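First the structure, in the form of structure tokens, and then the observations on it.
The values are calculated or read from the model by the stated rules, or taken from the named source; none is laboratory data. Computed from a predicted model, the values in this text were never measured in an experiment. For neighbour counting, all protein chains shown are included, and Cβ atoms are generated from backbone atoms with ideal geometry for every residue, glycine included. Just the protein is used for accessible areas: all its heavy atoms, side chains included, with ligands, DNA and RNA removed. Shrake-Rupley method; radii C 1.70, N 1.55, O 1.52, S 1.80 Å.
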Amino acid sequence: ALNAYRWGSGRRYLEAALGCDPYRATLSAGEVGRLMCKVARGAAMAGDRLVARAHYFDAIAPLREAQDFEEWGRAVLEWERTFTNMSEPIPDTRPYEEFREAVGEQASPARTKLLTQWAESLWIRRDGEDLAAAERAVATLAGVDDAYTRSYAIGIRGLARMRHMDCDGSLADFELSEKEARPTAHPPYIGLGASRRAMPLLLMGRIDEAAVAAESALALAQSGNDWAHSALGMAMRHALAGLRGDWDATEQLRSSASMMLTRSRYPQAAFFLHASVARERWLRGDLDAATGAAEAWADQVMRSGGRPFLLLLRTLQGDRSRVLAEVMERPIRIPRGGADFNVLGSVGLQLELAIALGETSLVEAAYEAIAPIAGKGVVFSPSPTLLLERLLGGGARLLGNLQTARGHLQRAKQQAEAAQTPTELGLVHLEYARLLAEEGAPGDLVEAALSAAAAQFHRYQMECGMEQARSVALSAGVDPARSTALADSAASTPLDRELITEHATGADIETIAARLLLLPKTVEQRLLRLKDHLRDEALPAAMTASPRQAQPPALPKVLKDLTPRELEVLRLIALGRTNQQIADTLVVSIHTAQSHVKSILSKTESANRTEAARLAADGGLV
């Protein structure tokens, strides 16, 4: 059961075995200790770390008695990990010290694993000694023939090097870790290095190579039913597809990765996926859905780490004054130890938030944390994927260093073009337009930069970027309604022509969205923009009414007050999904799923989920 990632079931079976006194009496001390470790592992992966902590600690004594160095060392460090994973101090170092004294130079594989696990625990809590500890572990490999032990030690050193932004060193370690594990023919072992090769490649802006590495790692993981590394590979592919604006791929990958996460509950994969989904939904203008995904991501990185993203989304939704007051009252601080791989995305979002707020006092710390990292050849932050030079350009502009900002944006443009990441290229053009406006450049130059941004935004359906472009145009004295460049870019896309044709037939928002595989909110925003900015008298008169009021004719009256997202949740309720399954399917937090369910029951005056499901069936949702 544990090997199939059925953590809850595995834990129950093992606890039953452990609690069977006649059976337990037949076991040696070492066997009892190993059984306790298995129970602890099942509890930990099922999310019950307090139970895991107790079982790991209880296992130490029988394993010490049996002189089972490998499992004794694992029990000690896994017990410590239950503290470090929750950012709690380890209350007692004696278990570790006793083991270290007893093992000495004996049992080389066990000693290496002990040192490696210690290095991994330091890496998890972002301790500055993690790389030195990983180096010590790798230094003991001379007498170790076990392929997994060698792969594990080298792979953890790769993670430590990546945290310290040594991209070339981490890439070399991940490749060597995969090579060392190949003789085991065991995908999860090989996946430790294989599934991470895309990460340093992404950091360096080598997007094509990162995509190949992620695809290769995913194929390897799927061939061995390795759900954890399958989820990680899909999450990385989702992030890379988002940079390319390949929304068809992101939708498919989101669904598949979500399914893999429900099976493996792999935190690192969830960390990447939730951030990538939130970023995608923001770019496409669905800020409500982006907020739900950002909340789920914040749960992965702790609320303080995800707070900048949530505040950024609130700012873009027009809540600037309250967000600014909140930030001034409770400032966002750079994580202790500065920015590194593990927190670079959060720090980048902090800088992006400061740019959106236009508040120079919030920029300095984030700018100073990111600038040295970009100087090492790091191009993108990992989670979410952000172009660092673009962020630095906006930060320098707000700090009044306009020439420095121009240099950042020139490098950002070159990097985005070289990496073929059009979503970031559009945002670079937008930031350049802001810089030109700040410098007092002629309106035609600002308009040209905005036109270049709009071309990317329309081609890749980046609704949020288009709204920001119009805001910049207005602030720079460029009328977006009369701007040939902006208006032409809005009218020239095949998608917009399809929208006009569909709406001319009398189709409503929901029907158009279903036909064109778009979000209803995206359809609504595009139609309103086409009406307001193109002044096209050929548009149907029906567009003068609010498209939000349009509903499918067959939809019962009782369901008409539900938002598109609530209708989607109601359909999942009717299919028998639990709140957690709804959250996993939609890639939102459990809190957001519960809020949607509560709102649906209230709006439909349903006494319970069964009644709501019946309404969904009557309305043809299932």
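Considered as a group, the residues in the stretch 50-68 that are charged (D, E, K, R) and open to solvent by 70 Å² or more (accessible area, probe 1.4 Å) include one that is farthest from the chain's Cα centre (by Cα), and that residue is GLU65. Within the stretch 87-103, if we keep just the residues that are open to solvent by 40 Å² or more (accessible area, probe 1.4 Å) and modelled with pLDDT under 75, the residue that is farthest from ALA59 (Cα to Cα) turns out to be SER87.
A search for C-beta distances below 7 Å between a residue of the stretch 606-617 that is at pLDDT below 80 and any residue that is in a helix (DSSP H, G or I), counting only pairs 6+ apart in sequence or on different chains, returns ALA617/ALA574. For the stretch 173-181, check the following and say yes or no: at least one residue is at pLDDT 95 or above, open to solvent by less than 10 Å² (accessible area, probe 1.4 Å) and of a type in the set (Gly, Ala, Ser). Looking through the stretch 173-181, none of the residues is at pLDDT 95 or above, open to solvent by less than 10 Å² (accessible area, probe 1.4 Å) and of a type in the set (Gly, Ala, Ser). Highlighted here are the helices (runs of 4 or more DSSP H) found entirely within the stretch 1-57 that include at least 2 residues which are under 25 Å from ALA228 (Cβ atoms) and modelled with pLDDT of 85 or more: 7-18, 29-45.
Apart from one condition, LEU445 fits all of (1) among the hydrophobic types (A, V, I, L, M, F, W, C); (2) at pLDDT below 70; (3) open to solvent by 50 Å² or more (accessible area, probe 1.4 Å); (4) in a helix (DSSP H, G or I); the exception is (2).
Give the residue that is least open to solvent (accessible area, probe 1.4 Å), with candidates limited to residues of the stretch 116-135 that are within 24 Å of the chain's Cα centre (by Cα) and aliphatic (A, V, I, L, M). Only one residue tops the list, namely LEU122.
Residues of the stretch 267-279 that are crowded, with 24+ Cβ neighbours inside 10 Å and either farther than 30 Å from ALA46 by Cβ or of a type in the set (Phe, Trp, Tyr) (or both): PHE272 alone.
Quick check: anything in the stretch 322-330 under 28 Å from ALA418 (Cα atoms) and either in a helix (DSSP H, G or I) or open to solvent by 10 Å² or more (accessible area, probe 1.4 Å) (or both)?
Taking every residue of the stretch 322-330 in turn, none turns out to be under 28 Å from ALA418 (Cα atoms) and either in a helix (DSSP H, G or I) or open to solvent by 10 Å² or more (accessible area, probe 1.4 Å) (or both).
Selection of the stretch 567-622 for residues being farther than 20 Å from GLU251 by Cβ and of a type in the set (Asp, Glu) yields GLU605, GLU611, ASP618. Would you mind stating whether GLN403 is out of contact with any Lys or Arg (no Cβ under 9 Å at 6 or more places or on another chain), under 24 Å from ASP246 (Cα atoms) and in a helix (DSSP H, G or I)? Judged against the criteria, GLN403 is not a match.
Residues are listed down the side, and each one gets a yes or a no for (1) assigned to a strand (DSSP E or B); (2) within 22 Å of GLY245 (Cβ to Cβ); (3) of a type in the set (D, E, K, R):
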{"site": "ASN342", "(1), (2), (3)": "no, no, no"}
{"site": "SER346", "(1), (2), (3)": "no, no, no"}
{"site": "ALA354", "(1), (2), (3)": "no, no, no"}
{"site": "SER361", "(1), (2), (3)": "no, no, no"}
{"site": "GLU364", "(1), (2), (3)": "no, no, yes"}
{"site": "PRO372", "(1), (2), (3)": "no, no, no"}
{"site": "VAL378", "(1), (2), (3)": "no, no, no"}
{"site": "LEU386", "(1), (2), (3)": "yes, yes, no"}
{"site": "GLU389", "(1), (2), (3)": "no, yes, yes"}
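Can you pull out every residue in the stretch 177-204 that is aliphatic (A, V, I, L, M), within 13 Å of LEU159 (Cα to Cα) and in contact with a Lys or Arg (Cβ under 9 Å, 6 or more places away or on another chain)? Once the filter is applied, which keeps residues that are aliphatic (A, V, I, L, M), within 13 Å of LEU159 (Cα to Cα) and in contact with a Lys or Arg (Cβ under 9 Å, 6 or more places away or on another chain), the stretch 177-204 yields only ALA198. Would the stretch 411-424 turn up any residue that is within 30 Å of LEU131 (Cα to Cα), polar (S, T, N, Q) and crowded, with 18+ Cβ neighbours inside 10 Å? Yes, that holds for at least one residue. Just one of the numbered conditions (1) modelled with pLDDT of 70 or more; (2) within 30 Å of ASP299 (Cβ to Cβ); (3) open to solvent by less than 20 Å² (accessible area, probe 1.4 Å) is not true of ILE509: (2). Candidates are the residues of the stretch 591-611 that are of a type in the set (A, V, I, L, M, F, W, C) and over 30 Å from the mean Cα position of the chain (by Cα); the one that is least open to solvent (accessible area, probe 1.4 Å) is LEU601.
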